[in-house]
Amino acid sequence: MLAAIDPDVIAGDATLIDAHSRFQSIADEFDGESAGAHAYRNLSAIAGMMLDGADWDRPYSPLMSLGGKRTALPDDLDDEALGFFRLLLDEVPSSGLAARMCDILFVRETERASRYALAKRHTDIVAELSLLPDPDDESIQTWIRAAEIAGRYRLDDGVQALTARALEGFRGGTPTVAWHVAQAMRRARYFGGHSTEIAERLNALASAEPNAHAKVQLLEESIRWRRGSDAEERAAPSREAIGDAWWQEAKQRKDSSLVARNFLGNAYSAYRAVPRHLRSERTRKRVGKLPRLIRVAGESALGEMQKVRGGPIDLSPIVEQAEAIANDTDVIRGLARWFSAAPLQTFEDALQSADQSGLLSLVTTSTITDDARKVHSTDEDRLRSGVDPSRWARMVKNYSLHITAIATGHIRPALMQFSTNYRLDIRDFEVIVSASGFVPADRKSLYARGLHHGYYGRVTESLFILAPTIEACVRSALQASAVETRNVKTNDTEIEPGLSALLELPEADEVLGVDLAWNIRALFCGPTGPNLRNRVAHGLLGEAESCGDAALYAWWLAFLLAFTPYYHALRSEQGGPEHAPGAAGSAHASGVSE
């Protein structure tokens, strides 16, 4: 294959992605099985691999992956291709392509001495590549990769050469180049004696930067480079400057209260990050007034929001089916049919629904409550149940729409009919709840009272009983499975975490089942969605919401959790579902049809 390659032809591409496309085009000009076609296809394959320089275990990922197929990875290359790269590496000058060939050989090599030689050669090649005038991400990743290799193999000369090359780019480049190079050096952990220089230059570049977002990025990076016992003191002016940048941006956005509110929130966070004893008088005053300004801007933002309406959904078939179920001559059989007709949403279904949200998955979204509080943003880093924030927010939003449809079309019409046809009293619900292992013994009476209230339309009363009781049930279930739920503070006092924290425990999905855990999280926990537990606990529910669709669904879920074990126990005792428990065989003898 080497004889089919012209070294001058493979040089000169601005980026490896450009080389990937060009090599593929050249390969197409050769006969399909010729040496030239194989050579250029192999070059195209390695040029198209995507490098993450900080990932030591799997540094390369495919350029494309679609329908079970993907582009090449290092392990796909055969011995002939690897031999070709070894020979070609001696024929080409130092370049991004040469560094890529050397790194692919390093990844595939298993013999220790050969790996060391390739590590040194790769470091030497990359140290010759300039990061000026404007390095792309590919160049930065290549430098990070070389820095990682040099550090692991203790190639001191290589470390020094790479550091010098990076400092050249940092000192001579634009603010954007300086920011990228500083990030790369920090990821490579090459602080040396340059941390102060880098932090000060980033600060100087930020002070001259007119764009607020770029200014903030430079200042944040400069803070990360502060080292030593006085790092916080030296970083304090930078933190205040970040707050000032957002403050000025907010003042200029008179066209949008929503945007201004976000900028004011950013300013408040930046100012509060400054230790109290290091705050200037201006910062102290702004920290005091910003909460009020944020609330005012948030209230104004509500008037800027527009409703997005979809087409109407015909729920009449669901309503008719629910009412027919409620007219069953046997109340227990009717309740069983009612619950089975609308099973709980599974976690897998929720994931799939989120993946069908189209363009919403590509943008950052914020959740604003009716009282103008921003309670969530999808740009946070925290995972929930292993799901990224943006996807989780879409899952909860779709879940809210789902339970609204179920409450409107399935629960409310049937409940009206059930409570008309069957007068169930508190004793009926106590008998039903008595069969539930989910409800602890000292909560069964309270749980039954909540179900009784909801059955007769007193949804508010039901919710304010059941929301904290559901939390007690979850805590009891975890403790029964030997999961430690209490947190011990430094002063040796113990506290019980709330429902959200309980469901964050790694054992929660196993104890409750992943689907039930998902439904409880989406319905009762925040910060997005109905968030019923927290809103009940903190008095944030208005009158309409406290008896709305989410509250009604919470009652229905609680009833389902109690009724299911009761129904199975009843079938087991009475010999199957054909037994008619409408009178004495029901939860209590008062379950008599009108």
- Query: Of the numbered conditions (1) modelled with pLDDT of 90 or more; (2) surrounded by fewer than 16 Cβ atoms within 10 Å (Cβ to Cβ), Ala517 satisfies every one except a single condition; which is it?
  - Reply: (2)
- Message: Please return the ranges of helices (runs of 4 or more DSSP H) entirely within the range 189-265 where 1 or more residues are more than 28 Å from the chain's Cα centre (by Cα) and aliphatic (A, V, I, L, M).
- Response: 195-207, 231-252
- Item | Which numbered condition Val287 fails, given (1) surrounded by fewer than 19 Cβ atoms within 10 Å (Cβ to Cβ); (2) free of Cβ contacts under 8 Å to residues at least 24 places away in the same chain; (3) not in a helix (DSSP H, G or I) | (3)
- Query: Out of the range 241-265, which residues are among the polar types (S, T, N, Q) and either out of contact with any helix residue (DSSP H, G or I) (no Cβ under 6 Å at 6 or more places or on another chain) or free of Cβ contacts under 8 Å to residues at least 24 places away in the same chain (or both)?
  - Reply: Gln248, Gln252, Ser256, Asn262
- Note on the structure: When restricted to Tyr456, Tyr447, the only residue among the hydroxyl-bearing types (Ser, Thr, Tyr) and buried (at least 18 other Cβ atoms within 10 Å of the Cβ) is Tyr447
- Query: Within the range 533-562, can you find the residues that are in contact with a helix residue (DSSP H, G or I) (Cβ under 6 Å, 6 or more places away or on another chain) and farther than 21 Å from Gly498 by Cβ?
  - Reply: Cys547, Asp549, Leu552, Trp556, Phe559, Leu560, Ala562
- Task: Determine whether Leu118 is closer than 19 Å to Trp56 by Cα, of a type outside the set (Asp, Glu) and touching a Phe, Trp or Tyr at 6+ places or on another chain (Cβ under 6 Å).
- Result: yes
- Query: Is it true that some residue in the range 120-133 is surrounded by fewer than 17 Cβ atoms within 10 Å (Cβ to Cβ) and small (Gly, Ala, Ser)?
  - Reply: yes
- Does the range 393-437 hold any residues that are more than 23 Å from Val331 (Cβ to Cβ) and either charged (D, E, K, R) or buried (at least 22 other Cβ atoms within 10 Å of the Cβ) (or both), and which are they? Ala393, Arg394, Met395, Val396, Lys397, Tyr399, Ile403
- Query: Among the residues of the range 134-152, which ones are buried (at least 17 other Cβ atoms within 10 Å of the Cβ) and not in a helix (DSSP H, G or I)?
  - Reply: Pro135
- Query: Of the residues Ile406, Ile426, Ile411, which is modelled with pLDDT of 90 or more and touching a Phe, Trp or Tyr at 6+ places or on another chain (Cβ under 6 Å)?
  - Reply: Ile411
- Task: Would you please list the contacts, defined by Cβ atoms under 7 Å and residues six or more apart or on different chains, that run from a residue in the range 293-305 that is in the same structural domain as Trp247 (by TED's automatic domain parsing) to a residue that is in a helix (DSSP H, G or I) and among the basic types (Lys, Arg)?
- Result: Ile294/Arg261; Ala297/Arg261; Gly298/Arg261; Ala301/Arg261
- Task: Being at pLDDT 95 or above and of a type outside the set (D, E, K, R) narrows it down to one of Ser280, Ser257, so name that one.
- Result: Ser280
- Message: Here is a check on your reading of the model: is Phe106 more than 35 Å from the chain's Cα centre (by Cα), of a type in the set (A, V, I, L, M, F, W, C) and crowded, with 18+ Cβ neighbours inside 10 Å?
- Response: no
- Which condition number in (1) small (Gly, Ala, Ser); (2) on the phi > 0 side of the Ramachandran plot; (3) in contact (Cβ under 8 Å) with a residue 24 or more places away in the chain is the one that Ala273 fails? (2)
- Query: Consider Ala3 against the criteria (1) more than 35 Å from the chain's Cα centre (by Cα); (2) loosely packed, with under 11 Cβ neighbours inside 10 Å; (3) closer than 21 Å to Asp137 by Cβ; (4) not β-branched (Val, Ile, Thr): it satisfies all of them except one. Which criterion is unmet?
  - Reply: (3)
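Per-residue answers, yes or no, for (1) surrounded by 22 or more Cβ atoms within 10 Å (Cβ to Cβ); (2) of a type in the set (A, V, I, L, M); (3) without any contact (Cβ under 8 Å) to a residue 60 or more places away in the chain:
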{"residue": "Ala166", "(1), (2), (3)": "yes, yes, yes"}
{"residue": "Arg187", "(1), (2), (3)": "no, no, no"}
{"residue": "Gly193", "(1), (2), (3)": "no, no, yes"}
{"residue": "Lys215", "(1), (2), (3)": "yes, no, yes"}
- Message: Can you tell me which residue is nearest to the chain's Cα centre (by Cα) among those in the range 53-83 that are surrounded by fewer than 10 Cβ atoms within 10 Å (Cβ to Cβ) and closer than 30 Å to Arg189 by Cα?
- Response: Asp57
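The values are calculated or read from the model by the stated rules, or taken from the named source; none is laboratory data. Because the structure is predicted, anything quoted here is derived from the model rather than measured. Note that we place each Cβ from the backbone using ideal geometry, even for glycine, and neighbour counts take in every protein chain shown.
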